[in-house]
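The values are calculated or read from the model by the stated rules, or taken from the named source; none is laboratory data. Owing to the predicted nature of the structure, the values given are computational and were not obtained by experimental measurement. Here Cβ is always computed from backbone atoms with ideal geometry, including for glycine, and neighbour counts include all displayed protein chains. Note: accessible area is taken over every heavy atom of the protein model, side chains too, but ligands, DNA and RNA are not part of it. Shrake-Rupley method; radii C 1.70, N 1.55, O 1.52, S 1.80 Å.
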Amino acid sequence: MARTHALGMPRIGAKRELKFALEAFWRGEIDEAALRATASGIRQANWQRQASAGLSHVAVGDFAYYDPMLTHVALLGCAPARFGFAGTLGLADYFQLARGNADHHAMEMTKWFDTNYHYLVPEFRPDTNFALDEGWLFDEVAEAQTAGFTPKPVLIGPLTFLYLGKEKVAGFDRFDLLDRLLPVYGQILARLKAMGVEWVQIDEPILALDLPATWRAAFERAYHTLNAAGVKLLLATYFGPLAENLRVATALPVAGLHVDAVRGGAELTQVIDWLPATKVLSVGIVDGRNIWKTDLAAAFNRLDGLHQNLGDRLWLAPSCSLAHVPASLAAEAALDPELKSWLAFADEKLGEMQTLARALNAGRTAVAAALADNTAALASRRASARVHNPAVAARLANLGATDDQRTSPFARRQTAQRARFRLPDFPTTTIGSFPQTPDIRAARAAFKRGALDAAGYQAAMQHEIEYAVRKQEALGIDVLVHGEAERNDMVEYFGEQLAGYAFTQFGWVQSYGSRCVKPPLIYGDVSRPQPMTVAWTRYAQSLTARPMKGMLTGPVTMLQWAFVRDDQPRSQTALQIALALRDEVTDLEAAGIGIVQIDEPAYREGLPLRRADWPAYLDWASRAFRLSASGVADATQIHTHMCYSEFNDILPAIAAMDADVITIETSRSDMELLRGFGDFAYPNEIGPGVYDIHSPRVPAVAEMTRLLEKAAAVIPARNLWVNPDCGLKTRSWPETETALANMVAAAQSLRANHEGRRPAPRD
């Protein structure tokens, strides 16, 4: 009998219960007991969903209060020494690691492989030690057992945990900590075995990466050590094929292997050839990363021969954790019925696995009706007239070889822009958004439900825009933004105005901590029916003589932060979005807006996991950005923003984007990320973030000044801007004003210490 299981489930709750409980706890409105009760309710609901779908085990340990990597930092007793925590780590301490405190900035945050999820980066030093903290994981296993479920605890593997961390001492190699770490994993596994656990899922997604030989070779030694605990280990890999790591993965002393058959399906035959006949093979046949229905007939045809070969050793699963998709379609009453029939969220994916397992175990006739419904839905999508737009296809086909190039090189554009704007040394700006206050949210909600008419909503948003403009003027900021009061989300706002996009009501996924996003669905060809931001930005510019930035989300981020159609290459969809944004950029310029920021925070996360595949991606991604930005005159300044990514290995591609100004996140890394830009001699202007907006902590002027001096040591001072790490949407106005006042003061301090680099400011 083929079994089914899940690698993990959405952990925020079907109605974002975790988000609201976390934020209430941080505000002091609920106590720890109430937060833990909410968490327990989410876990219990997830376990029940898995059991109801016939899964043989329920995933335990896939839940995290903030981030699974951070939870492993707690479980393994390796919190950064700079925080001074000793002994058992409580929830209050745990959240300080994630959000910082008065004395210490939060742990660094970056993207989880090529997803839009952010994880907390473990910090390693030569004196880092590990010690099991029993306040984590084991209570959840006991909770599942008490509730009558069969738990399959989920651990991030020791090699992945180390590999995704970062050394904090020059010349030290975190690989050297492996022998200290393995005994603690051994203790965890022994404790789980003593609790009666049969299977433990241990995730090693780095096996989908190009690994150094030393790391690859360490797998055999590590898993021989872990196997001694006597519990059955299911080694899980995902996000891509194993390639040169396949032989290592199949030979490890584990009881089972999970492979991603969505992204690495071509390897299945080879996996079976090399997998010992005693081991379970878990096939990730349902896409855990996207929301389109699985072609069940095609999946059955792939699995039928495997089942005949493997029998009970065949397990079915999603390709990866379902934390990357929304919880359920059940509540989506407003979604177009035809489009809804093409989709599968987490609950529906569990149902797809149940159908496939029944088809394998009892024959296709046992699920004939479900297979017929699936086939009809897929046919409907392929034939739907809403998917293809001949005008969009023609515009793409007619693109010229230079349509993605600015008229002049950067040096000439820089001269024209400085003459136009006459900004001071170290000009100050922000990344775009200002606090989304209760008044803003109330007005938007009232407008959506019809309690506020269009004129009333426009007046309310204009009031908020003027408030933001006046605050910036009072603070002395040089290049202003309108604050984005009218925007619900940096992707959703634009997607709602573009053809080819659709939106759910409750399709939330976690980005990090309590931050949730509701990705749009790109189901068809993309175009822009009418201007999207021009009226709001023109109004903001009318309020001030200072330059006002137009604010757009770039084509790669619009792609990456959506559930993208899978019936054409992603590069083609990106170019469609780029052309729509190009129209918006040129309309902003025609409206008198001289600076336009096209944000690309997701640019690096789109990188394929294998370096051999990078050049093709970087070629079309940089082309898409340039296409969106290159329709303007030399004196119009194009900015872009990127955050929470490592950039050093793709700096040539970032330079090829040819933005006049790039702003990046650098405060959590203490400006480490900027060093690569200096070594590369990045040619254009750059604004390294001087404070972390994801933390409520407000750095002092001296701290920001120190960071800026570090920046000026590696980047020519004449090319430096001063700005926060990211947008200020999630912060409050009091902390925002204090932080920005400190930022302006830091810029003024640098102006006093460095020679002038720009024309004198205008009166």
- [ ] Pick out, from HIS639, TYR223, VAL392, the residue whose Cα sits farthest towards the positive end of the charge dipole of the chain, with +1 on the Cβ of Lys and Arg and -1 on the Cβ of Asp and Glu.
- [x] VAL392
Task: Phi to ³J(HN,Hα) by Karplus 6.51 cos²θ - 1.76 cosθ + 1.60 over region 665-675, Hz, x for Gly, Pro - done: 7, 9, 6, 5, 8, 6, 6, 4, 4, 6, 4
TODO: Using a 1.4 Å probe and counting only protein heavy atoms, arrange SER695, SER749 so the residue with the most accessible area comes first.
DONE: SER749, SER695
Task: Amide H partners (placed H, <5 Å) of ASP210, local residues excluded - done: ARG611
- [ ] Sequence neighbours fewer than 8 away in the same chain don't count; with that in mind, list the lysines whose C-alpha is under 18 Å from LYS340.
- [x] LYS293, LYS349, LYS518
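When a/c reaches 1.5 or more, the comparison of a/b and b/c decides; with that in mind, is region 152-290 rounded, prolate or oblate per its Cα gyration tensor?
Numbers: a/c = 1.70, a/b = 1.16, b/c = 1.47.
Oblate.
Which is the longest stretch in the chain that no exposed loop site breaks, taking sites as GluC sites (Glu not before Pro) with a DSSP loop state and at most 16 other Cβ atoms within 10 Å? Intermediate results must be reported in sequence, preceding the final value.
Details: sites that count: GLU29, GLU134, GLU198, GLU496, GLU646, GLU755.
Longest gap between qualifying sites, sites excluded: 199-495.
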- [ ] Provide the FRET efficiency to the nearest 0.05 for the ARG386-GLN530 pair, computing r from the beta carbons and using R0 = 22 Å.
- [x] 0.75
Task: Given charges at beta-carbon only (K, R positive; D, E negative), |dipole| of region 50-145 in Debye - done: 220 debye
- [ ] Name the residues whose placed amide hydrogens come within less than 5 Å of the amide hydrogen of ASP525, ignoring near sequence neighbours (fewer than 5 apart) on the same chain.
- [x] HIS388, ASN389
Task: Among beta bridges that DSSP assigns inside region 95-213, antiparallel share in %, nearest 5 - done: 40 percent
Open item on the list: With the cut-off at 1.5 for a/c, could you classify region 649-763 from its C-alpha gyration tensor as rounded, prolate or oblate?
Closed with: oblate
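In debye to the nearest 20, how big a dipole does the chain give about its Cα centre with +1 on each Lys and Arg Cβ and -1 on each Asp and Glu Cβ? Can you show the working numbers first?
Values: 77 positive and 86 negative charges, 124 e Å.
Here the chain has a charge dipole of around 600 debye.
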Task: Cα shape, region 1-123, gyration tensor, a/c 1.5 rule - done: prolate
TODO: Skip the ligands, DNA and RNA, and give the accessible area per residue of the chain with a 1.4 Å probe, whole Å².
DONE: 35 Å²
Task: Cα pair distances exceeding 11 angstrom across region 358-400, given as percent - done: 72 percent
Task: DSSP bridge orientation in the chain - percent antiparallel, rounded to nearest 5 - done: 15 percent
Task: Label-point gap, in nm, between THR146 and THR402 - each point 7 angstrom along Cα→Cβ - done: 7.3 nm
TODO: On the protein heavy atoms, probe 1.4 angstrom, tell me the percent of accessible surface of region 78-156 carried by carbon and sulfur.
DONE: 47 percent
Open item on the list: Using a 1.4 Å probe on the protein heavy atoms, what percent of the accessible area of region 462-509 belongs to carbon and sulfur?
Closed with: 50 percent
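Extension gain ASP439-ALA411, at 0.36 nm per residue separation less the Cα-Cα distance, in nm?
Working: separation 28, 0.36 × 28 = 10.08 nm, distance 4.42 nm.
Extra length from ASP439 to ALA411 when fully extended: 5.7 nm.
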Task: Label zone at ALA334, where the point sits 7 Å out along the Cα-to-Cβ direction: region 494-509 residues whose backbone N lies under 17 Å - done: 494-498, 501-509
- [ ] Output ³J(HN,Hα) for region 717-734: one whole-Hz value per residue in order, computed from phi by the Karplus curve 6.51 cos²θ - 1.76 cosθ + 1.60 with θ = phi - 60°, and x for Gly and Pro.
- [x] 4, 5, 9, 9, 10, 10, 7, x, 5, 7, x, 10, 4, 8, 9, 8, 5, x
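Place a +1 charge on the Cβ of each Lys and Arg in region 106-155 and a -1 charge on the Cβ of each Asp and Glu, then give the dipole magnitude about the Cα centre in debye, rounded to the nearest 20. Each step should come with its number before you reach the end.
Working: 3 positive and 9 negative charges, 42 e Å.
Dipole magnitude for region 106-155 comes out near 200 debye.
What's the carbon and sulfur percent of region 551-657's accessible surface, probe 1.4 angstrom, rounded to a whole number?
Working: 1350 of 2640 Å².
That fraction is 51 percent.
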Task: Amide H contacts of HIS641 (H built 1.01 Å from N, under 5 Å, at least 5 apart or other chain) - done: ILE598, ASP599, GLU600, THR663
TODO: Measure out, as a whole number of angstrom, how far apart the alpha-carbon centroids of region 113-186 and region 481-550 sit.
DONE: 37 Å
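For THR428, THR269, give the ranking by accessible area with the largest first, probe 1.4 Å. Intermediate values should be presented prior to the final figure.
Working: THR428 0, THR269 100 Å².
If we order THR428, THR269 from most to least accessible, we get THR269, THR428.
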Open item on the list: Give me the base-10 log of I(q)/I(0) for the chain at each q in 0.06, 0.07, 0.09 Å⁻¹, Debye formula, one uniform scatterer per Cα, rounded to two decimals.
Closed with: -0.37, -0.51, -0.86
Task: Most positive-pole-ward Cα, GLN462, GLY41, HIS307, against dipole of the chain from beta carbon charges - done: GLN462
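Leaving ligands, DNA and RNA out of it, rank CYS726, CYS320 by accessible area with a 1.4 Å probe, largest first. Provide the component values of the computation, followed by the final result.
Numbers: CYS726 25, CYS320 0 Å².
Most to least solvent-accessible, the answer reads CYS726, CYS320.
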TODO: With label points built 7 Å along Cα→Cβ from the Cα atoms of ALA277 and ALA633, find their separation and express it in nm.
DONE: 7.8 nm
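Provide the FRET efficiency to the nearest 0.05 for the ARG180-VAL701 pair, computing r from the beta carbons and using R0 = 35 Å.
It comes out at approximately 0.30.
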Task: Label point distance in nm, ALA170-LEU651, each placed 7 Å from Cα along Cα→Cβ - done: 1.6 nm
Task: Dipole-positive endmost among ALA357, LEU521, MET69 within the chain (Cβ charges, Cα centre) - done: LEU521
Task: Residue-by-residue Karplus 3J(HN,Hα) for region 563-569, coefficients 6.51, -1.76, 1.60, Hz, glycine and proline x - done: 8, 9, 3, 10, 9, 8, x
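Suppose R0 equals 22 Å; then what is the FRET efficiency for ALA616 and THR269 from their Cβ-Cβ distance, rounded to the nearest 0.05? Can you show the working numbers first?
Working: r = 26 Å, r/R0 = 1.16.
Calculated value: 0.30.
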